[in-house]
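Here is the structure we will look at.
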Protein chains: 4
Amino acid sequence: MTYSVAVSGASGYAGGEILRLLAAHPDIEIRTVTAHSNAGQPLIDHQPHLRSLAHLTLEDTTPEILAGHDIVFLALPHGQSAQYTDALADVPLVIDAGADHRLTSADAWAQFYGGAFSEPWSYGVPELPLAGGATQRSALAGATRIAAPGCNASTVALSLAPGVAAGVIDASDIVTVLAVGPSGAGKSLKTNLLASEILGSANPYAVGGTHRHIPEIRQSLVAAGAAGEVKISFTPVLVPMARGILATSTAPLAPGVTDAQIRDAWQAAYGDETFVQLLPEGQFPRTADVLGANTALLGLAIDRAANRVVVVAAVDNLVKGTAGAAIQSMNIALGLPEATGLTVNGVAP
Amino acid sequence: MTYSVAVSGASGYAGGEILRLLAAHPDIEIRTVTAHSNAGQPLIDHQPHLRSLAHLTLEDTTPEILAGHDIVFLALPHGQSAQYTDALADVPLVIDAGADHRLTSADAWAQFYGGAFSEPWSYGVPELPLAGGATQRSALAGATRIAAPGCNASTVALSLAPGVAAGVIDASDIVTVLAVGPSGAGKSLKTNLLASEILGSANPYAVGGTHRHIPEIRQSLVAAGAAGEVKISFTPVLVPMARGILATSTAPLAPGVTDAQIRDAWQAAYGDETFVQLLPEGQFPRTADVLGANTALLGLAIDRAANRVVVVAAVDNLVKGTAGAAIQSMNIALGLPEATGLTVNGVAP
Amino acid sequence: MTYSVAVSGASGYAGGEILRLLAAHPDIEIRTVTAHSNAGQPLIDHQPHLRSLAHLTLEDTTPEILAGHDIVFLALPHGQSAQYTDALADVPLVIDAGADHRLTSADAWAQFYGGAFSEPWSYGVPELPLAGGATQRSALAGATRIAAPGCNASTVALSLAPGVAAGVIDASDIVTVLAVGPSGAGKSLKTNLLASEILGSANPYAVGGTHRHIPEIRQSLVAAGAAGEVKISFTPVLVPMARGILATSTAPLAPGVTDAQIRDAWQAAYGDETFVQLLPEGQFPRTADVLGANTALLGLAIDRAANRVVVVAAVDNLVKGTAGAAIQSMNIALGLPEATGLTVNGVAP
Amino acid sequence: MTYSVAVSGASGYAGGEILRLLAAHPDIEIRTVTAHSNAGQPLIDHQPHLRSLAHLTLEDTTPEILAGHDIVFLALPHGQSAQYTDALADVPLVIDAGADHRLTSADAWAQFYGGAFSEPWSYGVPELPLAGGATQRSALAGATRIAAPGCNASTVALSLAPGVAAGVIDASDIVTVLAVGPSGAGKSLKTNLLASEILGSANPYAVGGTHRHIPEIRQSLVAAGAAGEVKISFTPVLVPMARGILATSTAPLAPGVTDAQIRDAWQAAYGDETFVQLLPEGQFPRTADVLGANTALLGLAIDRAANRVVVVAAVDNLVKGTAGAAIQSMNIALGLPEATGLTVNGVAP
């Protein structure tokens, strides 16, 4: 069957990437695209790369316009999804690319976001190891409400969860630093996102424990079975590439573990996965290798002198970090082959 | 007086930057430039930005040609400086921009570089705090043999040494991740340094404790008074900017220290410095702000949830990281005003 | 049916892009990949973004290894294809991504390339208008030997051929300037292709009429019906993006033509095309809009004050400029739907 | 003596560059910096690279605050300078970095800018050849009101004026295409200037004869002695570098001129200049070579097949294109050595 779809936030970067991927999905009909301030304009004026969707016009983002589809994607600023929840009650599948339904802790929401807390939906990172041996995939089969992950959060969680689940690393002193492209910040008119500010420069932001993806990582690592408190030093750095996350995540080694035990933890978690791949020993990924692809590539080093595992992960923030995660989760929810409409090969160089 | 200077390795990036800075130095006459494979060619063919030096021709790098100057700069691959030591015995001041004379430990040299160990020279990071309250500047006054620092090493050492010296952080579990531009790797014909490989991508290298700047950082932090073993997880990531280092360095907080004590440690160390500046609380530097300048800008956050201090440092790898450090050290050694020929303002945007 | 394919030059940029596209083509089995100096190594070591082809090993590029496939792609430096011609006589379809079989004029070959001239093959730019109303597509149906175009050449030819064919512009004084990414120069170890040289800089090359794509453009415009001599001032400028060509091509207006006649010429040529699209009046394309796509986007302005038409074209040099053109031509030659395995939507931002 | 200076528009890119250069000028005291919306804030918050000016606070841009200095720099959006003219009547030297006083033709102003026309001031491109053998320098000696040039306009005018003045090229069919960095568009919050839009892409704008620098070029070439109408096809292309203009300008050769005559025209015009340099035959400049410098580098090719001269010029749009031109002109007006506070060497790589 073909599923009818509406995409809100269609003039933004996340919305545009959802559309790019859906346009290549054989089971989807993109029926409706909506936006707030740009309603009434051709989609192609805001997404000039989506040539196959040149016939679509942006409509207003209202519950009435979004209702009546088989699937609705919400790509809205955080705090805005809740107002559509009731009106979309009859929509079989709603996928939120925003933050509103990711966190299970109202306290964490209050601390990092503020405003009304919304109930958590099924978290859209299928490969995430859970304590006890299952993966998050099990929570997505048949799901009707899905929260796509934060791009940085899922990248770091995928990087470290296997070690946490296997008990070979200590989650109480994680340090992660991420080189990220500005598209993750959305199509926002802010001075610090201007090309002149970012070209030729590396610019840190949200330094010192304030980034909103921190509680989301903590939640995933707790779900993976972390014993004791999860502590994360998290620093993102904007670098001059439109897309991509290169996350370097480190954690102390658990006492007495061998190198083989460590590597086996990741190999066991991802050895059968299509979209999360552990590179051979001594190899590390580049973001170019996953550009446009739904792939998370991980390289792992064991630094005995520093007593830390180092996991370097490369992800396209708009694909595996957002839109690809959403569509992979949609495929699982609908019972479609999980890779439908997604590619594992990046566009490089 | 005017000092006559010879610069070897003048066709490379480090040599070129030494020349760019010397060309603006009022007390220097650049008399001789040398290179290996490009000897006989005009300097301007290899450094087309150095318009004021268009009259110079590259000579061969031999002891005879380098001798007879007041000052000689060596900008050679590691392991090559030693062969010139004897021949340059009569040169009043020799400054090595390479690695050969940085390390005090023959073991560390053997482990990270290999080959014959050379005696350490005065280490060219004037602002580096030393145990007991002095700075490295004291070792440079009147020096006749100076080792310019490794760019990443000095950036990280300057980031953390004040906290180590003051005893407010724990040097036994440092984690540092650096976004670096490819000019730090030199003008080397390697596939991974091609523009097509680096544009639009973040590429890690030397992951897992193998980078040669690790023992150099350790040495500086020991000199700053680190109690116990210094352990460093160090990961550099190539990002698409020609120049610049954005180092995010974290270390556990010492038990019981207050926020004020922490911040005071850095403020006390650098409050009177021209070229190393601590930004106000809540501000963090960008590499663009120090492009072309001899300035290291530091931003400091105290993340109590992670129990770590986070220091973000921005440095131009070719200036404060290499050539500027060399010339600032030269000024000190010669008794000239320390900032002569150097600028504190970056070229931005 | 499924066609078996061999790709030579598989460790380079053009070869890699051919493989990326073929991997998404439903009628193709990639059986053999070859390279010269890297033979014996896993393909994935040289093309780490091609995750779905991780099982392939590079073999040596020999006639014996390439023979015996349904289709052979040659992605070799110019002058090297001829040696395989005889050995591949029994291969039903050979597509050369190199220059050897593009030019019809032995004189032009001698002037711009030198060495032995090879006979021209069917030129792989299907949408190119020909004098008399046909397109180059007609020459590709059933073709057994295809020459994929030069990326700059096809971009400029597609930009201006409709106007030449319709007689609304004068081909005797064309000026074209192209902003191009370095991937068009291949994975060559040359100083001027290093990231440090290209980041933050715009670098012209082949200025003054020496670029090898000039005779190829001339040939296409003659085929489109140019009356009189075709003269082209052609200047390419390397800019800091891995991929992409943004060609600004101008030509004098023919006497007496109206704006509508001019615009109609392009509209008539491309109005029914999938992969070559004329944007609405007042709109101009960006290379990001065609990244990874087989699309050439054209924007057209009529500058009466300068008495010139200005056509700005955006193309991904590795797709529509090379590998996509090859596969689109292959589809035509084999009688497959022309767009099989190709996408019209770019990856942006 | 030391001149007191006020700089308006000090939070923008042009104002920031004026300040960066003035901070290195030995005869200048920067006393006042002003801005509109950011008045009351520390300058360093908006220009974090200007470390030596961290003591300055932005004041409001009013006639009262600007008055009373020896020199006032206006770096305001076009149309805003006129309101300060009367109030600054007693200021000995006023330099406008904006467009208001560049054009001598009210008609051209009306066509390209609109609004009230202001009288032209001394045009700040000292090296520009004038008909009759003088240069624009003569008009700047002792000037009290100076209009700094448009960055693209002065780059193209410097590229072609020697040929026009010497009569070796035909100014009636000029074609120029410029690769430009986004800083030329100012610190404006526009979607098309966001980093995500510009990274990895080449984006044309103002295509087809609408750019405001066209009449300014025409005016300069008429001043250089152009016989007959000057026609210019002008296309700027935004490329992913913060700064820089790489202008490729072509014009038909005058009948019968020899190669030597052509080259001599440029050599005669610039052979004695410090900041405008003609490269040796066969060499062409890169924007990196002039980054941060007040240098315009020109490369010249004679393409007999196309019957055109091709001049490629590299300029830093914020220095020689704007702030450096202003300060060089200021030096001339004040009778200071022309190069005071300016550098000829670029910051590369």
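The values are calculated or read from the model by the stated rules, or taken from the named source; none is laboratory data. All values reported here derive from a predicted model rather than from experimental measurement. Here Cβ is always computed from backbone atoms with ideal geometry, including for glycine, and neighbour counts include all displayed protein chains. To get the accessible areas, we keep the full protein, side chains included, count just its heavy atoms, and leave off ligands, DNA and RNA. Shrake-Rupley method; radii C 1.70, N 1.55, O 1.52, S 1.80 Å.
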- Taking the stretch A:218-270 and the residues there that are farther than 30 Å from B:A242 by Cα and among the charged types (D, E, K, R), the one that is nearest to the other protein chains (Cβ to nearest Cβ) would be A:K231
- Item | The lone exception for A:P129 - which of (1) of a type outside the set (G, A, S); (2) surrounded by fewer than 24 Cβ atoms within 10 Å (Cβ to Cβ); (3) in the same structural domain as A:D96 (by TED's automatic domain parsing); (4) touching a helix residue (DSSP H, G or I) at 6+ places or on another chain (Cβ under 8 Å) it fails | (2)
- Could you tell me whether C:G167 is in the same structural domain as C:T250 (by TED's automatic domain parsing) and out of contact with any Pro (no Cβ under 9 Å at 6 or more places or on another chain)? yes
- Message: Taking the condition of being outside any loop (DSSP other than H, G, I, E, B) and either surrounded by 23 or more Cβ atoms within 10 Å (Cβ to Cβ) or touching a Ser or Thr at 6+ places or on another chain (Cβ under 7 Å) (or both), how many residues in the stretch B:1-20 meet it?
- Response: 11
- Message: Condition first: out of contact with any helix residue (DSSP H, G or I) (no Cβ under 9 Å at 6 or more places or on another chain) and on the phi > 0 side of the Ramachandran plot. Now tell me which residues in the stretch B:290-349 satisfy that.
- Response: B:G335
- Task: Examine the stretch D:37-57 for a residue that is closer than 28 Å to D:G181 by Cα and in a strand (DSSP E or B), and state whether such a residue exists.
- Result: yes
- Query: Is it true that B:P26 is assigned to a loop (DSSP other than H, G, I, E, B), closer than 30 Å to B:F275 by Cα and over 22 Å from the mean Cα position of the chain (by Cα)?
  - Reply: yes
- Message: Looking at A:P77, A:P92, can you tell me which residue is touching a strand residue (DSSP E or B) at 6+ places or on another chain (Cβ under 8 Å) and assigned by TED's automatic domain parsing to the domain that holds A:R31?
- Response: A:P92
- Message: Pairs please, first residue from the stretch D:110-137 and closer than 13 Å to D:A223 by Cβ and of a type in the set (A, V, I, L, M), second anywhere and assigned to a loop (DSSP other than H, G, I, E, B) and open to solvent by 30 Å² or more (accessible area, probe 1.4 Å), Cβ atoms under 7 Å, 6+ apart in sequence or on different chains.
- Response: D:A131/D:G225
- Extreme residue, surrounded by the fewest Cβ atoms within 10 Å (Cβ to Cβ), among residues of the stretch A:184-209 that are β-branched (V, I, T) and either more than 7 Å from every other protein chain (Cβ to nearest Cβ) or out of contact with any Phe, Trp or Tyr (no Cβ under 7 Å at 6 or more places or on another chain) (or both): A:T191
- Message: Which count do you get for residues in the stretch A:292-314 that are over 13 Å from B:V207 (Cα atoms), facing another protein chain (nearest Cβ under 7 Å) and touching a Lys or Arg at 6+ places or on another chain (Cβ under 7 Å)?
- Response: 2
- Query: Inside the stretch C:149-183, can you point out the residues that are surrounded by fewer than 24 Cβ atoms within 10 Å (Cβ to Cβ) and more than 13 Å from chain D (Cβ to nearest Cβ)?
  - Reply: C:A166, C:G167, C:V168
- Message: Anything in the stretch A:318-328 that is β-branched (V, I, T) and either open to solvent by less than 10 Å² (accessible area, probe 1.4 Å) or without any contact (Cβ under 8 Å) to a residue 24 or more places away in the chain (or both)? List them, or say none.
- Response: A:V319, A:I327
- Query: Looking at A:V239, A:V222, which one is in contact with a strand residue (DSSP E or B) (Cβ under 8 Å, 6 or more places away or on another chain) and modelled with pLDDT of 95 or more?
  - Reply: A:V239
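Quick grid of which residues meet (1) free of Cβ contacts under 8 Å to residues at least 40 places away in the same chain; (2) small (G, A, S); (3) assigned by TED's automatic domain parsing to the domain that holds C:G324:
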{"position": "C:A265", "(1), (2), (3)": "no, yes, no"}
{"position": "C:D272", "(1), (2), (3)": "yes, no, no"}
{"position": "C:L279", "(1), (2), (3)": "yes, no, no"}
{"position": "C:P285", "(1), (2), (3)": "yes, no, no"}
{"position": "C:L291", "(1), (2), (3)": "no, no, no"}
{"position": "C:G299", "(1), (2), (3)": "yes, yes, no"}
{"position": "C:I302", "(1), (2), (3)": "no, no, no"}
- Scan the stretch C:132-148 for residues that are surrounded by fewer than 24 Cβ atoms within 10 Å (Cβ to Cβ), closer than 17 Å to C:L93 by Cα and not charged (D, E, K, R) and report the count. 7
- Item | Residue satisfying condition, being of a type in the set (D, E, K, R) and within 25 Å of B:A296 (Cα to Cα), within set D:R51, D:R31 | D:R51
- Note on the structure: Within the stretch A:315-349, restricting to residues that are within 13 Å of chain B (Cβ to nearest Cβ) and out of contact with any Gly (no Cβ under 7 Å at 6 or more places or on another chain), the one that is nearest to A:Y123 (Cα to Cα) is A:A348
- Only one of C:L318, C:L298, C:L238 is under 17 Å from C:S154 (Cα atoms) and more than 14 Å from the chain's Cα centre (by Cα); which? C:L298
- Note on the structure: Going through the stretch D:215-262 in order, the residues found to be of a type in the set (V, I, T) and farther than 30 Å from D:P120 by Cβ are D:V239, D:V257, D:T258, D:I262
- Item | D:V312 vs. criteria over 29 Å from D:T144 (Cβ atoms), touching a residue at least 12 places away in the same chain (Cβ under 8 Å) and not acidic (D, E) | yes
